[in-house]
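**Student:** There's a structure below that I have some questions on.
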Amino acid sequence: MKFTKTLLATTALTVAASAVVAEEMTIVSWGGAYSKSQKLAYHDPYSEKTGVTIINDDSSAEAVAKLRAMNEAGNITWDVVDVVAADAMRLCDEGLAMEIDPDTMLAPAPDGTSAADDFGDLLVSDCFIPQIVYSTTFGYRTDLVGDNPPDDICDVFDLEAYPGKRSLEKRPINNMEWALLCDGVAKADVYDVLATAEGQDQALAKLDSIKDSVVWWNAGADTPQLLADGEVIMGSTYNGRLFSVIEEQKQPVAMLWDAQVFDLDGWIIPAGLSDERKQRALDYIMFATDTQRLADQAKYISYGPARASSAPLVGKHADLGIDMAPHMPTDPNNAKNTFLYNYEFWADYRDDIDAKFQAWLAQ
Amino acid sequence: MANTLDNITVPVSLPFTLSLVGLLVAAIAFVAGVSTASDFSEFLLTVGAGSGLAIGFAFALISLFDTARPAMIVSALLGAAIGLSLGSSGGALFGIIFGVVAARLIFWVHLRQYRRGLPTYLTSNQVLWHYGFRAICAAIFIFLITPILVVLPLSFNAEDFFTFTPEMLSLDPEGFSLKHYKDFWNSNEWQRSFKNSLIIAPIATMISVSLGTLAAIGLSQSHVPFRRAIMAVLISPMIVPLIISATGMFFFYSKVGNFMEGTLGLDKNLVGYIKVVLAHAVLGIPFVIITVTATLVGFDRSLTRAAANMGADPVTTFFKIQMPLILPGVISGGLFAFITSFDEVVVVLFVGSASQKTLPWQMFTGLREQISPTILAVATILVIISIALLTTVELLRRRSERLRGMSPT
C-alpha cells in the first residue's frame with residue numbers, strides 16, 4: 001500500500017508540475033521532414049524570442065473534419081493550423097478560420113513592399129497566409145528504369161517502355177489531369193474536358209490502362225518508402241519528400257519534373273479563439289511568415305518560399321551544404337513544363353469526381 | 001521407451017521419399033510464388049522448378065550416400081557455395097543452415113527415422129497426424145509471433161526506411177545502427193508522448209481497478225437489484241465500437257472540460273489530463289469487472305461471515321480477508337486496464353489535445369506522415385516492457401501461490 005501511495009503522490013505531482021508551465025500554443029502541421037523544417041525555421045527561434053512553448057500536433061491531414069468537430073463542441077484546442085490552400089478556402093467559407101488582413105497582420109518585406117504585394121497572387125483566400133509553394137511530381141528508381149530514364153509525364157502511362165509498378169495518390173486530383181494530358185488533350189483544355197462526363201470517363205479509361213500496375217498511396221511518406229524498397233519503379237509524391245529520399249537518404253532515385261503540379265500550403269488561425277490566444281497566434285504568424293523566416297525554411301526542405309522577397313535569400317541546405325535553389329520546384333530548369341492546379345474547378349467538381357473515382361477504383 | 005525400429009535403417013521406397021520432398025518444396029514454393037510472382041505462368045514456373053530441383057537434389061543425395069552425415073556435409077558445402085555466389089558471408093551462413101537442414105530432412109524421411117520414438121503399432125496415418133498436428137501448432141505460433149519478431153531487427157536499420165537492406169541481410173555491421181533509439185531518446189515529441197503515457201496509464205489503471213473491483217464485489221452480492229442491467233451498462237464500453245464511444249466521449253468531455261476550465265477555473269493542461277484519464281478509466285473498468293467477478297466465483301462467502309463473527313467491520317474484512325484472496329484477479333484486471341490505456345489511440349485522438357499526446361498517438365501519426373524506423377525502435381522497447389511486466393506478474397503470482405502452499409513445488 002505504501003508503494004501505491006508513493007506512486008500516486010509522484011504521478012499527481014508530475015501532473016501538477018507539467019500543468020504549471022508557462023504559455024503554450026498548439027501548432028498543427030503535416031509531420032515528418034516538413035514539421036521538422038518548421039520547427040527549426042520558425043518554432044525554435046520563436047520560442048527562444050518569446051518563451052512560448054510550442055506543441056506540435058501532426059493532424060493537418062484531418063484538419064477540416066477536426067476543426068468542424070471542435071467548433072461544434074465549443075472546444076478549440078488548436079492555435080495555428082497548417083493546411084493546403086483548398087482546405088483553407090473551405091474552412092474560410094464555413095467560417096471556421098479567421099480572416100486575415102495582410103496589411104496590418106503580416107510583416108512587410110524588408111524593402112517596404114506591403115505583405116499583400118509581396119505574396120501577390122498567392123493570397124488565394126481571405127483566411128490563408130501562404131507559406132510555401134510545393135509541387136506534386138514523380139520520382140523514379142534510376143537503377144530500375146533501364147538506360148533510357150523517363151523524362152516525360154506520359155512515361156508513367158507507358159507500360160511497355162517502363163514495365164513495373166508505379167505509385168499514385170488515391171484520389172482523382174492530379175491523376176485525372178495527367179491522364180488527360182497523356183491522352184492527347186492540350187494543357188489549356190484539360191479542365192474544360194474534365195468538366196464533362198465524357199472527359200472524366202476518358203481520364204479514367206487512360207488510368208485504367210495502367211490500373212493493374214498501380215500501388216495507391218495515402219500519405220506523403222508512402223512513395224518514398226515504396227521507392228526505397230524498389231517496390232515501385234516510379235511514383236508521385238511531394239517534391240520535398242523526394243528531395244529527402246535523393247539527397248538526405250542517398251537512395252538511387254531521381255526526379256521527373258515534367259508536368260509537376262504546383263500547390264500552396266500555409267497557415268490559418270481557427271475562428272473563435274479567446275482574445276489572449278488570438279493575439280499569441282497572430283504574433284506567431286507575424287513572426288513566422290516574414291521574409292527571412294520563409295527563406296530560412298528552405299534551408300531544411302526543398303519547398304519554395306511564398307514571398308517574392310524571400311526567393312533571393314534562399315541559400316544552402318543546413319546540413320548537406322548543397323545549394324537549395326536547383327531543388328526548388330520553381331527553379332527554371334525544373335519548371336520547364338508545369339501544370340497549374342485549378343482550385344475553383346476542384347472546389348466545384350470534387351465531390352462528383354471523387355465518387356466516380358472511388359467507384360472506378362473498386363471495380 | 002525401447003523401440004525395435006530404432007536400429008532399422010532400411011530405406012523406404014525411393015518414389016515415396018522423392019514425392020514427399022517434392023510436395024514439401026512445392027508447398028514452400030507455393031507461398032513464395034503467391035507473394036512474388038507477377039502472373040500465373042511465373043507462379044507455375046516457381047512451384048514447378050522448385051519442386052523439380054528439390055526432387056533432383058534428393059535423388060542425387062540418396063543415390064550417392066547411404067547415411068545422413070556425409071550428405072549433410074556435402075549439402076552444407078553446396079549451400080555455402082551458392083550463398084557466397086549470390087550474396088556474401090550472410091548468404092553463405094543461410095546456405096549452410098539450409099543445406100544441413102535439407103539433407104537431414106531428406107534422410108530423415110528416406111531412412112524411416114520419423115518412426116523413431118513412436119510406438120511401433122501406429123499406422124501410417126497416425127504417424128502422419130502425429131507430425132501434421134505438430135506442424136499445425138508450429139504454424140500457429142509462427143503466424144502469431146513472426147510479425148512481432150520481424151520488427152525487432154528492422155529497428156536497428158541504418159537507413160530511414162522499413163527495408164531489410166542488402167547490408168543487413170549479409171549481417172554487415174555497417175547495415176545496423178542504434179540511431180533510431182537515439183532518435184527516440186533525443187526527440188522532444190517522443191519523450192513528451194512517452195511521459196504522457198506513463199502519467200495517464202497508471203492513474204487510469206488505479207481508477208479502473210478501484211471502481212471495477214468495488215463494482216464487481218457489489219454486483220456479486222445476491223441482494224443487489226438489477227444486477228444484470230447494471231453489469232451490462234458497466235461493460236458496455238468493451239462492446240460498443242471504440243470509434244462510437246470516442247465520438248460520444250469527445251462531445252461529452254468537451255462540455256465537462258469547458259465547465260472545469262470556465263467555471264472552476266482549472267488549468268487547461270490539467271483539465272486535458274483529467275479528461276483523458278477519465279476516458280481511459282472508463283475503457284479499463286470492464287476488464288477489471290470481468291476478471292474480478294470470475295475470481296469471486298471461487299471465493300468462499302463463509303470467510304466474510306466468519307470475519308464478521310469475530311468482530312471485524314466490513315472494511316477490515318475486505319482488506320484483510322477478501323482482497324488478498326481475490327488479488328490475482330484484481331492484478332490481471334489491472335494489467336488489462338493498464339495495457340488498454342497504454343495501447344489506446346482512438347479515444348485519446350478524440351478526447352486529448354496535443355499536450356496529452358500519448359505514445360500510440362505519436363506512433364499513429366508518425367506511421368502515417370513519416371514512415372520512420374523510430375516507430376520500430378519504440379515498438380521494440382514496448383515489447384520488452386510488456387514481456388518484463390508479464391513475467392514479473394507471473395513470478396509474483398507463483399511466489400504468492402507457493403507461500404500459501406497452493407502449488408505443490
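No value in this document is a laboratory result; all are computed from the given coordinates. As the structure is a computational prediction, the values presented were derived from the model and not from experiment. Glycine also receives a Cβ, built like all others from the backbone with ideal geometry; neighbour counts cover every protein chain displayed.
**Student:** Which of the peptides A:183-195, B:220-232 is most tightly packed, and how do the rest follow, going by the mean number of other Cβ atoms within 10 Å of each residue?
**Tutor:** Working: A:183-195: 15.2, B:220-232: 10.8.
My ranking of the peptides, most packed first, is A:183-195, B:220-232.
**Student:** How high is the FRET efficiency from A:ASP323 to A:THR142, r the C-beta distance, R0 25 Å, rounded to 0.05? Spell out each step's value before the answer.
**Tutor:** Details: r = 21 Å, r/R0 = 0.84.
After rounding, the FRET efficiency stands at 0.75.
**Student:** Follow-up question, since we're still on this one. Using a Förster radius of 30 Å, what is the FRET efficiency between A:ASP121 and B:LYS182 based on their Cβ-Cβ separation? Nearest 0.05, please.
**Tutor:** On the way: r = 44 Å, r/R0 = 1.47.
Taking R0 as 30 Å, the efficiency between A:ASP121 and B:LYS182 is 0.10.
**Student:** Compute the length gained on full extension between B:GLU401 and B:ILE239: take 0.36 nm times their separation in residues and subtract their Cα-Cα distance, giving the result in nm to one decimal.
**Tutor:** 55.0 nm
**Student:** Right, here's the next one. With 10 angstrom as the radius, rank B:GLU42, B:GLU344 by how many other C-beta atoms surround their C-beta, starting from the fewest. If you can, show how the numbers build up before the last one.
**Tutor:** Working: B:GLU42 12, B:GLU344 24.
Exposure proxy ranking, most exposed first: B:GLU42, B:GLU344.
**Student:** Moving to a separate point now. Whole percent per 10 Å bin, from 0 to the bin with the longest distance: what is P(r) over all C-alpha pairs of chain A?
**Tutor:** Values per bin, smallest distances first: 5, 22, 30, 24, 13, 5, 2, 0.
**Student:** While we're here: So the label point goes 7 Å from the Cα of A:LEU340 along Cα→C-beta, right? Which residues of segment A:183-207 then have their backbone N under 20 Å from it?
**Tutor:** Residues passing the 20 Å test: A:185-196.
**Student:** Right, another one. What is the spin-label model distance, in nm, from A:ASP208 to B:ILE73 if the labels are put 7 Å beyond Cα along the C-beta direction?
**Tutor:** 6.6 nm
**Student:** If you stretched the chain out fully between B:ASP39 and B:ALA306, how much longer would it get, using 0.36 nm times the residue separation minus the C-alpha to C-alpha distance?
**Tutor:** Between B:ASP39 and B:ALA306, full extension yields an extra 88.6 nm.
**Student:** Would you kindly work out the equivalent ellipsoid of segment B:187-371 from its C-alpha gyration tensor and give its semi-axes, the square roots of five times the eigenvalues, largest first in whole Å?
**Tutor:** 35, 17, 16
**Student:** How many percent of all Cα-Cα pairs in chain B sit more than 42 Å apart?
**Tutor:** 42 percent
**Student:** Taking the highest mean first, how do the peptides B:141-152, A:168-179 order by number of other beta carbon atoms within 10 angstrom per residue?
**Tutor:** Values: B:141-152: 10.9, A:168-179: 22.5.
Highest-to-lowest ranking by the protection proxy: A:168-179, B:141-152.
**Student:** Report the Cα-based extents of segment B:4-121 along its three principal axes, largest first, to the nearest Å.
**Tutor:** Cα spread of segment B:4-121 along its principal axes, largest to smallest: 50, 32, 24 Å.
**Student:** If you take all C-alpha pairs in segment A:212-300, what percent of them are over 20 Å apart?
**Tutor:** Taking all Cα-Cα pairs of segment A:212-300, the fraction more than 20 Å apart is 54 percent.
**Student:** Further question: A:ALA281: net charge of surrounding residues, Cβ under 13 Å, Lys/Arg +1, Asp/Glu -1, itself excluded? Mind showing how you got there, number by number?
**Tutor:** On the way: positive: A:ARG277, A:LYS278, A:ARG280; negative: A:GLU23, A:GLU24, A:ASP79, A:ASP82, A:ASP275, A:GLU276, A:ASP283.
So the environment of A:ALA281 carries a net charge of -4.
**Student:** Can I ask one more? Describe numerically, in nm with one decimal, the distance between label points set 7 Å from Cα along Cα→Cβ at B:ALA232 and at B:TYR131.
**Tutor:** A separation of 5.4 nm, rounded to one decimal place.
**Student:** Taking just the alpha carbons, could you work out the radius of gyration and Dmax for the protein assembly as shown, both in angstroms?
**Tutor:** Cα only, the protein assembly as shown: 32.2, 102 Å (Rg, Dmax).
**Student:** In addition: List the residues, sorted by chain then number, that are 5 or more residues from B:VAL345 or on another chain and whose placed amide H is less than 5 Å from its amide H.
**Tutor:** Amide H to amide H, under 5 Å and 5 or more residues apart or across chains, B:VAL345 pairs with nothing.
**Student:** For each of A:TYR341, A:TYR238, count neighbouring Cβ atoms within 10 Å of the residue's Cβ, then give the residues from fewest to most.
**Tutor:** A:TYR341, A:TYR238
**Student:** Hey, another quick one. Once you list every other residue whose beta carbon is under 11 Å from the beta carbon of A:ARG241, what net charge do they have if Lys and Arg are +1 and Asp and Glu are -1?
**Tutor:** Local net charge: -3.
**Student:** Still on this model: Run the reach check for A:LYS250 against lysines, Cα to Cα strictly under 23 Å, same-chain hits fewer than 8 apart removed. What comes back?
**Tutor:** By straight Cα distance, A:LYS250 reaches A:LYS36, A:LYS165, A:LYS299, A:LYS316, B:LYS179, B:LYS182.
**Student:** What is the total of Lys pairs in segment B:187-371 with C-alpha atoms under 15 Å apart, excluding same-chain pairs fewer than 8 positions apart?
**Tutor:** Numbers: B:LYS195/B:LYS357; B:LYS255/B:LYS268; B:LYS255/B:LYS275; B:LYS268/B:LYS357; B:LYS275/B:LYS357.
Summing the qualifying lysine pairs gives 5.
**Student:** Follow-up. Provide the FRET efficiency to the nearest 0.05 for the B:LEU214-B:ILE140 pair, computing r from the beta carbons and using R0 = 60 Å.
**Tutor:** After rounding, the FRET efficiency stands at 0.95.
**Student:** Hydropathy at least -1.0 by Kyte-Doolittle, axial extent at least 18 angstrom from the Cα trace: which helices of chain B, defined as entire DSSP H runs, fit? Don't jump to the answer; show the numbers that get you there.
**Tutor:** On the way: long enough: B:14-36 (32 Å, 2.07); B:40-64 (36 Å, 1.70); B:68-86 (26 Å, 1.62); B:89-110 (31 Å, 1.66); B:124-154 (43 Å, 1.56); B:188-219 (45 Å, 0.73); B:242-262 (28 Å, 0.86); B:268-297 (44 Å, 1.68); B:323-343 (29 Å, 1.48); B:374-403 (43 Å, 1.26).
For chain B, where a helix must reach 18 Å along its axis and average at least -1.0, the hits are B:14-36, B:40-64, B:68-86, B:89-110, B:124-154, B:188-219, B:242-262, B:268-297, B:323-343, B:374-403.
**Student:** Averaging over all projection directions, find the projected area of the Cα convex hull of segment A:14-166 and quote it in nm² with one decimal place. Spell out each step's value before the answer.
**Tutor:** Details: hull surface 59.6 nm².
Computing the convex hull of the Cα atoms and averaging its projections yields 14.9 nm².
**Student:** Okay, helix-only estimate at 222 nm for the protein assembly as shown: each DSSP H run of n ≥ 4 adds -39500 (n - 2.57), divide by all residues, round to 500 deg cm²/dmol; what do you get?
**Tutor:** -18500 deg cm²/dmol
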